[in-house]
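Novice: Handing you a structure now.
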Amino acid sequence: MDVVAHGLWTMAAASGARTKVKRPISLGRAVFWGVFPDLFSFAIPAVVRLWWFATRTPHTLLPQAGDAQHFQFVWQLYNGSHSLLVFGLVFFATWSVLRRPVFELCGWMLHIVIDIATHQGMFAVQFLWPVSSYAVNGIRWENWWFMATNYVLLCGALGWMWLRSRKPESELIHGTDAKKR
């Protein structure tokens, strides 16, 4: 899935989780962790390619024949940042150190779960890395029908969040007839 959609789905999920969890959840931190796997994997090559483009080193931002050796390390970053095992290790290590769960990190897990279902081919997520290279050949998120459906659902979820945020807190807790009692 694209980075913007990851951020928006994480924001929607974290906003919903705020009402269920007895601790505050920072939407900004949750969104950061929701886009973290792609930033971690692709930020360095993107900055390098932009630099090359700005300095007119290549003629395009697309990979050139013979330059694949420059970014082989990216696959290790991609596999590591898209691994449920690595996420679990970081989540529980953080919990151990802070003596409380950091729910914002769950944005990272949501990213991985979404990508398992929406990536295929060379980007199919090896979610058990480094133990296994098993991956699911999911739906191509780039398909127009999937993108359209995804953003319609996102608009619905964000619209529902916005409407919900306009209700007084007593109505959210006790239902709409709380004022009648």
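The values are calculated or read from the model by the stated rules, or taken from the named source; none is laboratory data. Being a predicted model, the structure only gives us computed values, none of them experimental. As a convention, Cβ positions derive from the backbone with ideal geometry for all residues, glycine included, and neighbour counts pool all protein chains shown.
Quick grid of which residues meet (1) closer than 22 Å to Leu27 by Cα; (2) not hydrophobic (A, V, I, L, M, F, W, C):
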| site | (1), (2) |
| --- | --- |
| Ser96 | no, yes |
| Phe103 | yes, no |
| Gln126 | no, yes |
| Val131 | no, no |
| Trp144 | no, no |
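Novice: Sticking with this structure for a sec: From the list Val136, Val131, Val97, Val152, which residue is surrounded by fewer than 16 Cβ atoms within 10 Å (Cβ to Cβ), at pLDDT 95 or above and within 21 Å of Val3 (Cα to Cα)? Give the steps one after another, and end with the answer.
Specialist: Values: Val136 fails: at pLDDT 95 or above; Val131 fails: within 21 Å of Val3 (Cα to Cα); Val97 fails: within 21 Å of Val3 (Cα to Cα).
So the residue among Val136, Val131, Val97, Val152 that is surrounded by fewer than 16 Cβ atoms within 10 Å (Cβ to Cβ), at pLDDT 95 or above and within 21 Å of Val3 (Cα to Cα) is Val152.
Novice: Among the residues that make up the stretch 102-119, is at least one of them of a type in the set (D, E, K, R) and either at pLDDT 90 or above or crowded, with 17+ Cβ neighbours inside 10 Å (or both)? If you could, list the steps in order and put the result at the bottom.
Specialist: Restricting attention to the stretch 102-119, the residues satisfying the condition of being of a type in the set (D, E, K, R) are 104, 115.
Now drop any that are not either at pLDDT 90 or above or crowded, with 17+ Cβ neighbours inside 10 Å (or both), which leaves 104, 115.
Looking for residues that are of a type in the set (D, E, K, R) and either at pLDDT 90 or above or crowded, with 17+ Cβ neighbours inside 10 Å (or both), one finds at least one in the stretch 102-119, hence yes.
Novice: Under 9 Å between Cβ atoms, at least 6 apart or on separate chains: pull out the pairs that start in the stretch 8-32 with a residue that is outside any helix (DSSP H, G or I) and end on any residue that is surrounded by fewer than 14 Cβ atoms within 10 Å (Cβ to Cβ) and not β-branched (Val, Ile, Thr).
Specialist: Arg23/Arg100
Novice: Among what's in the stretch 1-47 and is among the polar types (S, T, N, Q) and in contact with a helix residue (DSSP H, G or I) (Cβ under 6 Å, 6 or more places away or on another chain), pick the residue that is farthest from Tyr78 (Cα to Cα).
Specialist: We begin by selecting, within the stretch 1-47, every residue among the polar types (S, T, N, Q); these are 10, 15, 19, 26, 41.
Retained after the next criterion (residues that are in contact with a helix residue (DSSP H, G or I) (Cβ under 6 Å, 6 or more places away or on another chain)): 10, 15, 26, 41.
Values: Thr10: 19, Ser15: 27, Ser26: 25, Ser41: 5 Å.
Ranking the candidates gives Ser15 first.
Novice: Now for a different question. Please go through the stretch 98-147 and give me each residue that is part of a loop (DSSP other than H, G, I, E, B), touching a residue at least 40 places away in the same chain (Cβ under 8 Å) and among the aliphatic types (A, V, I, L, M), ordered by number.
Specialist: Val125, Leu128, Val131
Novice: Collect the residues in the stretch 12-29 that are more than 16 Å from Val102 (Cβ to Cβ) and surrounded by 14 or more Cβ atoms within 10 Å (Cβ to Cβ), keeping them in residue-number order.
Specialist: Ala12, Ser15, Gly16 - these are the residues of the stretch 12-29 that are more than 16 Å from Val102 (Cβ to Cβ) and surrounded by 14 or more Cβ atoms within 10 Å (Cβ to Cβ).
Novice: Follow-up. Looking at (1) buried (at least 16 other Cβ atoms within 10 Å of the Cβ); (2) touching a Phe, Trp or Tyr at 6+ places or on another chain (Cβ under 8 Å), can you tell me which one Trp9 breaks?
Specialist: Condition not satisfied by Trp9: (2).
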